[in-house]
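The values are calculated or read from the model by the stated rules, or taken from the named source; none is laboratory data. Owing to the predicted nature of the structure, the values given are computational and were not obtained by experimental measurement. Reconstructed Cβ throughout: ideal geometry from the backbone, glycine too, with neighbour counts over all protein chains shown.
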Amino acid sequence: MQRGLGGALIGFALAGCALAADPSERLELLGSYHWTGDDEHFGGFSGLEVSDDGNSFTVITDRSFITRGTFQREDGRIASVAAEPLAPLVNSKGERLEGYMSDSEGLAQAADGTLYISFEGFHRVSRLIEGENKENIVGWIDRPAEFNSFQNNSAMEALAIDPQGRPIASLERSGDWDKPFPVYRLEGDRWTQPYFIPRRGKHLLVGADVGPDNRLYIIERKFSGILGFSSRIRSFAFHGDTLTDEQLLIETPTGKFDNLESISVWRDDGGAIRLTLISDDNFFPLQRTEFVEYRLAAKSPHS
């Protein structure tokens, strides 16, 4: 359910959310790395968090498995990946999440290390709790009845932590091509819906992160059948209960990468903003899991 849509659209106009005129110089592709694994649960990666130094990561699959790993880098680029065995997410009884409860999609890490996970199916955001035997327990966070109205398999794909430390979750689909994506925010134990992200064309919103510059970065995808996927990255500034300063950073040609579905933003030793992305191979043999990394170029004084 979308509330205050007219006011939000007026807010966008007043804030002057114009797309950057030329995104071609904003992101420098550093490379991609094809990640493979022998675990029967390997694949379907939908959520990613990279450490502040860019050397370690946590990922979840859309079948409620989680693993943590490290990058080996050469000249700052990913050269190899090592990861722990995939472990299941479990409920408070120690039982694996299955069926309607198991479609884990977004991953976000708070400043104190707490991990939050968003789910489709039974639409919700949960807090990850470490059990006595290192189990990955999905803790309960109250949810409003409004979440029951979300479209199946197109809801809480993108999850991030805002500059004030609050989880924010966006829907994959807004309900119509000309309606912005609603963004929900958890304040204490209460969900509100303060933000909207303008929808541009037929890309769907599948991942989000707030960078060390306190900007919201989103990854969007468009599927073109046998031709593959196109990806788009935009960023926004937070201004009260409004997202402003919309910038288009890149839109890739169809088929350049696989199904990029999650984004993590960090700062490298040289002070540059890095964007690490991971693809969801849908457990399909003709697709692949890949990490893709970009570096954000500084804006010129005249841009």
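For region 27-61, which residues satisfy the criterion of being in contact (Cβ under 8 Å) with a residue 24 or more places away in the chain and among the charged types (D, E, K, R)?
Within region 27-61, Glu28, Asp39, Glu49, Asp52, Asp53 qualify.
Taking region 119-140 only, how many residues are without any contact (Cβ under 8 Å) to a residue 12 or more places away in the chain and outside any loop (DSSP other than H, G, I, E, B)?
The qualifying residues number 2.
Give Ser92, Ser149, Ser64 a once-over and let me know the one that is buried (at least 21 other Cβ atoms within 10 Å of the Cβ) and touching a residue at least 40 places away in the same chain (Cβ under 8 Å).
Ser64
Going by the conditions given, is Arg143 within 25 Å of Asp280 (Cα to Cα), in contact (Cβ under 8 Å) with a residue 24 or more places away in the chain and out of contact with any Gly (no Cβ under 7 Å at 6 or more places or on another chain)?
The answer is no for Arg143.
Is it true that Gly4 is over 22 Å from the mean Cα position of the chain (by Cα), surrounded by fewer than 16 Cβ atoms within 10 Å (Cβ to Cβ) and modelled with pLDDT under 95?
Against the criterion (over 22 Å from the mean Cα position of the chain (by Cα), surrounded by fewer than 16 Cβ atoms within 10 Å (Cβ to Cβ) and modelled with pLDDT under 95), Gly4 qualifies.
Working carefully through the options Trp177, Trp191, find the one that is under 25 Å from Met101 (Cβ atoms) and either of a type outside the set (Lys, Arg) or part of a strand (DSSP E or B) (or both).
Sole residue among the options that is under 25 Å from Met101 (Cβ atoms) and either of a type outside the set (Lys, Arg) or part of a strand (DSSP E or B) (or both): Trp191.
Residue by residue through region 48-86, note down the ones that are closer than 17 Å to Asp38 by Cβ and in contact with a Lys or Arg (Cβ under 6 Å, 6 or more places away or on another chain).
Result: Glu84, single match.
Residues of region 255-276 being within 21 Å of Ser46 (Cβ to Cβ) and either over 15 Å from the mean Cα position of the chain (by Cα) or without any contact (Cβ under 8 Å) to a residue 24 or more places away in the chain (or both), which ones?
Gly255, Lys256, Phe257, Asp258, listed by residue number.
Please enumerate the residues belonging to region 205-235 that are more than 20 Å from Tyr195 (Cα to Cα) and among the aliphatic types (A, V, I, L, M).
Listed by number, the residues that qualify are Ile226, Leu227.
Which of the following residues is under 23 Å from Asp280 (Cβ atoms) and among the small types (Gly, Ala, Ser): Gly240, Gly225, Gly188?
One residue alone meets the criteria, Gly225.
Say whether the condition of being part of a loop (DSSP other than H, G, I, E, B) and surrounded by 19 or more Cβ atoms within 10 Å (Cβ to Cβ) is met by at least one residue in region 96-118.
For region 96-118, residues part of a loop (DSSP other than H, G, I, E, B) and surrounded by 19 or more Cβ atoms within 10 Å (Cβ to Cβ): present.
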